[in-house]
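The values are calculated or read from the model by the stated rules, or taken from the named source; none is laboratory data. The model shown is predicted, which means the values in this text are computed figures rather than measured ones. Because the Cβ atoms are built from the backbone with ideal geometry, glycine has one as well, and the counts that use them run over all protein chains shown. Areas reflect the complete protein model, heavy atoms only, side chains present, ligands, DNA and RNA absent. Shrake-Rupley method; radii C 1.70, N 1.55, O 1.52, S 1.80 Å.
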Amino acid sequence: MNKLDAFNLDFLPDDPGGIYLVGGTVRDLLAGHPPSDIDLVVAGDMVHAAGRIAEKTGGSIINLGRKGFKVTRVASPEATVDITPLGHPSIESNLQQRDFTINAMAYNVKERRLVDCTGGRADMQRKIVRMVSPAAFENDPARLVRAYRLAASLHFSIAAGTEAAIARHRHLVRSVAGERVWAELGRILGVADSTPIIMRMAASRLLTAVFPELRPAIGCTQNRHHPFDVFDHSLRVYGTLETVLSDVGTRFPQLARIAGNTHLSGRAAMLKYAALLHDVGKPATRQADNKGLVRFPGHAAKSAAIARGISRRLKLSNWQRHVSDAVIRHHIRPLFLYLASENGSLGPKGTVRFFNRCGDLTLSIIVHAMADIMAKGQHMQARDNGFIKFCDDLLDAYIDYKERQASVPPLISGNDLISVFGLSPSPRFKHILNLVNERRLSGELATRDQALKWIEARLSESGGRWPEDRKKAAGSQIQKPYTPHANA
């Protein structure tokens, strides 16, 4: 008995004539994997078949169709079944309209027979993604990205003729809705070893069709520390980051001390997305002096701004946008900290300020920065090794920071600013409390009295007004001078 014959079909109508298992369901069963959902094609009454399946499974019937394309879903606790009409004179002609041969197989339920008119089973055995016909990408350009998604998730290669067709039709991806592109691309990024697939996408130039903003990075040379152009460097960062993320537990054993260590693996897809785009703003900010020294002032902020536009186009969620924006915007900050530590100007407050600014994404940003430096050249230089050692120490400092943050309550609250200093509630409260918290976590302030005296000194120096508010207060109502309340 083969794997298809062994599949439990009790959920189907008693007379399954004209009903076929199709697409990914057949592919997964032949591969020995339980299908995540079940795809059916029905030659007869689709509504009747859906009703019988709903009765047997206790499921609900949902109409997912759109104009010109009928889909009925039966959702039950046991399975999700998607049903489409045959829509062609035969099942073979239906399969001929599908995307790839491994998805163009059907199983005739009544006859218990595999229908394979495109060579899908042979391609599965050879582990190849092959288009059913040259018209596959014209009929639905989302298949351009789907080919690579299937290759990534199944660990298949793409047939040479299919990849050549992708290269020829890559411009069609611009006509695909952003969310459909992201549905495929996001799943590629979610595969732990997707670097070879991303490299193939770059080679076929589909990657720059999806991200046209990356085209100026091709040939954009950098400084003497970067032998690769911006585009190749970004691909190398992607691969290096993926390698680091694949062995987080071994590479960063200290992360076991904090509960947030799982954030890295949970954010892997978005960190890789950020790696691809982290320097997308470099071509627009490139400057070269008369000695040939190349600089990219403000490139992190420019890259973040460009990436935000891409994220909107692809319809990323708010959370996905937040993660990618923060990593791209702050990816160079660990290097600034390292340079400050080398010249002796980095103090505990500077480190804590970085942790506060980056919040729960601190680990992600440090790990990205490490991958960025590790991917600069073929071999690590002494300066680069020094930076990696600094990042390891920075991770230790962050873990210590998180442990102290969790174990020691804040020294003061907004109520203290009101009751002790008579300040009126305002957005400035958060800034004041953050400054106090920075000094608590850096060891400068240890008690409530010390915190209050530090605020009192700042206010006294500024005539009762918080220093940063003085310029803003020009022309506005004058605040009463600070006088400590009796309960200070």
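Rundown of residues vs (1) closer than 13 Å to Leu12 by Cα; (2) modelled with pLDDT under 90; (3) not small (Gly, Ala, Ser), yes/no style:
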position	(1), (2), (3)
Ser36	no, yes, no
Val41	yes, no, yes
Ala49	yes, no, no
Ile91	no, no, yes
Val109	yes, no, yes
Arg113	no, no, yes
Asp116	no, no, yes
Ala122	no, no, no
Asp140	no, no, yes
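Could you pull out the residue among Arg200, Arg174 that is loosely packed, with under 14 Cβ neighbours inside 10 Å and more than 20 Å from Asp28 (Cβ to Cβ)?
The conditions single out Arg174.
Under 9 Å between Cβ atoms, which residue pairs at least 6 apart in sequence (or on different chains) link something in the range 14-41 that is farther than 15 Å from Asn103 by Cα with a partner that is of a type in the set (Gly, Ala, Ser) and open to solvent by less than 30 Å² (accessible area, probe 1.4 Å)?
Pro16/Ala49; Gly18/Ala49; Ile19/Ala49
Considering each of Gly414, Gly464 in turn, give the residue that is over 30 Å from Gly249 (Cβ atoms), in contact with a Phe, Trp or Tyr (Cβ under 7 Å, 6 or more places away or on another chain) and modelled with pLDDT under 80.
It is Gly464.
In the range 351-371, which residues are more than 15 Å from Asp392 (Cβ to Cβ) and either over 26 Å from the mean Cα position of the chain (by Cα) or surrounded by 14 or more Cβ atoms within 10 Å (Cβ to Cβ) (or both)?
Within the range 351-371, the subset more than 15 Å from Asp392 (Cβ to Cβ) is 352-361, 364.
Of everything in the range 351-371, those that are more than 15 Å from Asp392 (Cβ to Cβ) and either over 26 Å from the mean Cα position of the chain (by Cα) or surrounded by 14 or more Cβ atoms within 10 Å (Cβ to Cβ) (or both) turn out to be Val352, Arg353, Phe354, Phe355, Asn356, Arg357, Cys358, Leu361, Ser364.
Report those helices (runs of 4 or more DSSP H) wholly inside the range 5-124 carrying at least 1 residues which are closer than 20 Å to Asp140 by Cα and open to solvent by less than 10 Å² (accessible area, probe 1.4 Å). Steps first, answer last, please.
Values: elements: 24-30, 46-57, 91-95.
Answer list for the range 5-124: 91-95.
Kindly check whether there is at least one residue in the range 140-162 that is without any contact (Cβ under 8 Å) to a residue 12 or more places away in the chain, open to solvent by less than 40 Å² (accessible area, probe 1.4 Å) and part of a loop (DSSP other than H, G, I, E, B).
As a first pass, look at the range 140-162 and keep what is without any contact (Cβ under 8 Å) to a residue 12 or more places away in the chain: 160.
Pick out the ones that are also open to solvent by less than 40 Å² (accessible area, probe 1.4 Å) and you get none.
Checked against the condition, which is being without any contact (Cβ under 8 Å) to a residue 12 or more places away in the chain, open to solvent by less than 40 Å² (accessible area, probe 1.4 Å) and part of a loop (DSSP other than H, G, I, E, B), the range 140-162 yields no hits at all.
All but one of (1) open to solvent by 40 Å² or more (accessible area, probe 1.4 Å); (2) part of a helix (DSSP H, G or I); (3) closer than 23 Å to Asp360 by Cβ; (4) free of Cβ contacts under 8 Å to residues at least 60 places away in the same chain hold for Asn415, so report the exception by its number.
(3) is the only condition that Asn415 fails.
Take the range 203-219 and flag every residue that is under 17 Å from Ile166 (Cα atoms) and open to solvent by 20 Å² or more (accessible area, probe 1.4 Å).
Ala203, Arg205, Pro212
Under the condition of being modelled with pLDDT of 85 or more and surrounded by 14 or more Cβ atoms within 10 Å (Cβ to Cβ), which residue from the range 372-385 is nearest to the chain's Cα centre (by Cα)?
From the range 372-385, those modelled with pLDDT of 85 or more are 372-376, 384-385; that's our starting set.
Retained after the next criterion (residues that are surrounded by 14 or more Cβ atoms within 10 Å (Cβ to Cβ)): 372-376, 384.
Working: Asp372: 17, Ile373: 20, Met374: 21, Ala375: 20, Lys376: 22, Asp384: 26 Å.
Step by step, filter the range 372-385, then rank; the result is Asp372.
Being closer than 24 Å to Ala147 by Cβ and in a loop (DSSP other than H, G, I, E, B) is the filter here; which residues of the range 201-231 pass it?
Ser204, Arg205, Phe211, Ile218
Would you be able to tell me the number of residues in the range 424-445 that are open to solvent by less than 20 Å² (accessible area, probe 1.4 Å) and not in a helix (DSSP H, G or I)?
The number of residues fulfilling the criteria is 1.
Being touching a residue at least 24 places away in the same chain (Cβ under 8 Å), under 30 Å from the mean Cα position of the chain (by Cα) and more than 30 Å from Ala164 (Cα to Cα) is true for just one of Val81, Val129, Val109. Which residue is that?
Val81
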